[in-house]
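These notes concern the structure reproduced below.
The values are calculated or read from the model by the stated rules, or taken from the named source; none is laboratory data. Bear in mind the structure is a predicted one, so any value in this text is a computation, not a measurement. As a convention, Cβ positions derive from the backbone with ideal geometry for all residues, glycine included, and neighbour counts pool all protein chains shown. The protein model used for the area step is the full one, side chains on, heavy atoms only, and it has no ligands, DNA or RNA in it. Shrake-Rupley method; radii C 1.70, N 1.55, O 1.52, S 1.80 Å.
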Amino acid sequence: MSEFAHPEVLLSTDWVKEHLNDPNVKLIEIDVDTQAYDAGHIPGAVGFNWQTQLQQPVQRDIISKEEFEKLLSNSGVSRDDTVVLYGDNHNWFAAYGFWLFKIYGHPDVRLMDGGRQKWLDEEDKELVTEKPRVTPTDYRAADPDWTLRAFVPEVMEVSKKADKNLVDVRSPDEYSGKVIAPPGMTETAQRGGHIPGAKNIPWSSAVNKDGTFKPPEELKKLYFEEKGVDPSKSTVAYCRIGERSSHTWFVLKYLLGLNDVKNYDGSWTEYGNLIGAPIEKSA
Amino acid sequence: MSDSTGEMNATNQQTRVYEDVFEMLPSEENPSPMVRINRLNPAASFSLYAKLEWANPFGSVKDRAAWQMLQDLEGRGEINQDRGIVEPTSGNTGISLAALARARGYRLKAVVPNKVPKEKKLMLKIAGAELEVVSDELCPAPGLGDGSINLAKTYAKAQGDRYAMPNQYENYQNVAAHIQTTGPEIWRQTEGQISHLFVSLGTCGSVTGIAKFLREKKPSVKVIAIQPSEGHDIPGLRNLSQLEASKLFDRSLIDEILEIDFELAYKRALELCQTEGLLAGPSCGLILEGTRHVVERDQGGCGVMVFPDNIFKYTATMLKHLPELEEGTSV
Ligand SMILES: Cc1ncc(COP(=O)(O)O)c(C=O)c1O
């Protein structure tokens, strides 16, 4: 069996269990909010709220370098720690966190395969309600690495020139324009459809039923053979608000080892509302 | 009543006075009523009955599973003054469990999805549940875990000293309840004549339990499950694509699964109310619609529909699907 391109970034729940007392391993649960974390989390894990702690609503942007430094300092994380992320919804928000940690240059960040759900379903894995006692650090982040993030002008160019892979990871109904957002979601757009030239590869095609990532051969077959992603080209992935596309961004860049992969976190809630931006519908 | 009068209980319902609410729970000696369907039965040659589960003390078929699960936890010493119950439930099971638990002196935390209507949440609180509302699922996707089930599991795992989780989706007591009560009641009430059983699918406790019992007694009984079309919003029910969550689903016990356009559930429920005088809820409407297809096709037989609950909780849902109800409600 072939390996993932960067096998070290994906950890099993068993690995995490064995390293619960390792002082250089810092566990962080990232969920859309902290309800699940508060009810019970992996011993020693701190909890991040994606809605309120990882983005700045006023700017509509990811948190700034200073805010990232403050968040990690208050969470007791040091630059040389191994940071292990996991979360709800099949690790969507943990994958978003992974992307953010990479943007701010954290050297060793990893994802727990299967996320919160897998840990919950395994008999031998413990959950606790006590929050860990943290010793604040003086965390210093690197300047943001924007090669991991796509902005509108680049997306428009990719769409026009069709010289890169453009991957829409939303559900087929969102891609076709039949729905603008999954039912009940508040963040929507003026229009339904997709960015011209985008291929629809739903994020969920990358995972098994239990939420763990599919093995390397299956992922290669899916993205490269069946869906026509060209591994020699650069890639931009998007969804609706940038969390599902972080998941696919992780797959393409770290599991399959593509060189240049960007997450377009503005995604459909930005593009679908832009004046002068053409869309395609296939409904 | 005391054991010495137990014999009398079985026969003399005329003078029966219940000692407490627990005695009112359904059993072979105290069955939920069965009533013939007259005007909405499409074939006179087919005897069709509805078993009215809303006559149970807490208003639905879920009284059976809730009572069985609670007794099981009690019997095994799993619950006490300090260790209560946590359960993911959007309604009927929660109401039954809350009322039963509180009447016996235990706490119940009900974990419910946010999209559940306010009325139902309030009902749970009134019945004595502590509510924990889960933010709605972000993106319904194949295999994505159910938010309320997972949160309840988290409580049971992280705070095991405070909560036991019966888990109606996996607990065999939910099936056992129907093997011990609903099945034998139907058998006796039809005097073994039953040829068709019509049920809906939620946790699948009813279908699996009743089918198991009846199949033992009479292998020729046809078990017909009726499921709503995809995208439905019928409280308590699951479509086949959602049934993964239930470990109690046993396809081998079901002869046919009919899929019915869910909008028809509301229409048929209204018809039941207005022509049979049965104030039946939406899942009854769905069952009736599926049943009518089978009755028209098979013509002869003796069919029993298990009607899970009545319409009182669903006026708002009915209005949503039958907007013409609005007419004449204000000056
Ligand atoms: C209104 C209603 N109808 C039908 C059902 C289905 O019953 P069961 O869970 O036994 O499959 C339920 C319970 O889940 C219910 O609440």
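For the stretch A:120-148, list whatever residues lose no less than 10 Å² of accessible surface once every protein chain is in place, relative to that chain by itself, with the probe at 1.4 Å.
Residues of the stretch A:120-148 that lose at least 10 Å² of accessible area once the other chains are added: A:L120, A:D121, A:K125, A:L127, A:T129.
Would you mind putting A:219-231, A:71-83, B:162-174 in packing order, based on average other-beta-carbon counts within 10 Å, highest first?
Going from most to least packed, we get B:162-174, A:71-83, A:219-231.
Suppose the Debye formula is applied to equal point scatterers at every Cα of chain B; what is log10 I(q)/I(0) at q = 0.11, 0.13 Å⁻¹?
Each listed q maps to, in turn, -0.70, -0.99.
Per residue, how many Å² of accessible area does the stretch A:7-145 show with a 1.4 Å probe?
Spelled out: the 1.4 Å probe surface of the stretch A:7-145, per residue, equals 42 Å².
Which residue, chosen from B:G192, B:A158, B:A177, occupies the Cα position most advanced towards the positive end of the dipole of the stretch B:145-214, where the dipole is computed from +1 (Lys, Arg) and -1 (Asp, Glu) charges on Cβ about the Cα centre?
B:A158
Picking from A:S171, A:L120, A:Y104, whose Cα lies most toward the positive end of the charge dipole for the stretch A:79-230 (charges on Cβ: Lys, Arg +1; Asp, Glu -1)?
A:S171
Per residue in the stretch A:25-40, which ones lose no less than 30 Å² of accessible surface when going from chain alone to all protein chains (1.4 Å probe)?
Residues passing the criterion (a loss of at least 30 Å², heavy atoms only) are A:Q35, A:A39.
Which of B:V61, A:A206, B:T291 sits closest to the plus end of the dipole of the protein assembly as shown, meaning its Cα is farthest towards the positive end, when Lys and Arg get +1 and Asp and Glu get -1 on the C-beta?
About the Cα centre, the residue reaching furthest to the positive side is B:T291.
Compare each residue of the stretch B:150-179 in its chain alone against the assembly with all protein chains, and report those whose accessible area goes down by 50 Å² or more; 1.4 Å probe, heavy atoms.
Those residues are B:T154, B:K157, B:A158.
If I histogram all Cα-Cα distances within the stretch B:62-164 using bins 5 Å wide from 0, what percent of pairs lands in each bin?
With 5 Å bins starting at 0, P(r) equals 2, 15, 23, 24, 19, 11, 5, 1, 0.
Taking all protein chains in place and a 1.4 Å probe, what share, in percent, of the accessible surface of the protein assembly as shown do carbon and sulfur account for?
Carbon and sulfur: 49 percent of the exposed surface of the protein assembly as shown.
Starting from the eigenvalues of the Cα gyration tensor, five times each then square-rooted, give me the equivalent ellipsoid semi-axes of the stretch B:218-330, largest first, whole Å.
Result for the stretch B:218-330: semi-axes of 26, 18, 11 Å.
Identify which of B:T89, B:T182, B:T190 has the largest mean-square fluctuation in a Gaussian network model of chain B, with springs joining Cα atoms closer than 10 Å.
Of the options given, B:T190 has the highest mean-square fluctuation.
At 37 °C and 0.692 mPa s, what whole-number value in µm²/s does Stokes-Einstein give for the translational diffusion of the stretch B:146-213, with Rh from the Kirkwood sum over Cα pairs?
Rounded to a whole number, D works out at 240 µm²/s.
Just add up the charged neighbours of A:I195: K/R +1, D/E -1, any other residue whose Cβ is under 10 Å from the Cβ of A:I195.
That sum, taken over residues with Cβ under 10 Å, equals -2.
Taking a virtual spin label 7 Å from the Cα of B:I257 along the C-beta vector, which residues in the stretch B:210-233 bring their backbone nitrogen under 14 Å of it?
B:224-231
Quick one: among A:K161, A:K131, A:K253, which has the greatest mean-square fluctuation in a GNM of chain A with alpha-carbon springs under 10 angstrom?
Fluctuation is largest for A:K161.
Antiparallel DSSP bridges in the stretch B:183-331: what percent, to the nearest 5?
5
Summing both sides, how much accessible area is buried between A and B? Use a 1.4 Å probe and give Å² to the nearest 100.
Roughly 1900 Å².
Out of the DSSP beta bridges found with both residues in the protein assembly as shown, what percent are antiparallel (nearest 5)?
15
Rounded if a/c is under 1.5, else prolate if a/b beats b/c, else oblate: with a ≥ b ≥ c from the C-alpha gyration tensor eigenvalues square-rooted, which is the protein assembly as shown?
prolate
Using the Kirkwood radius over C-alpha pairs as Rh, can you work out the diffusion coefficient of chain A via Stokes-Einstein at 37 °C, viscosity 0.692 mPa s, in µm² per second?
171
List the relative contact order of chain A as a percent without decimals, with contacts defined as Cα pairs under 8 Å and 6+ residues apart.
21
Enter the accessible area per residue of chain B (Å², integer; probe 1.4 Å; all protein chains in place).
Averaged over the residues of chain B, the accessible area is 42 Å².
Where the centre of each part is set by its Cα atoms, how far does the stretch B:253-331 sit from the stretch B:151-188, in angstrom?
Value for the Cα centre distance between the two parts: 27 Å.
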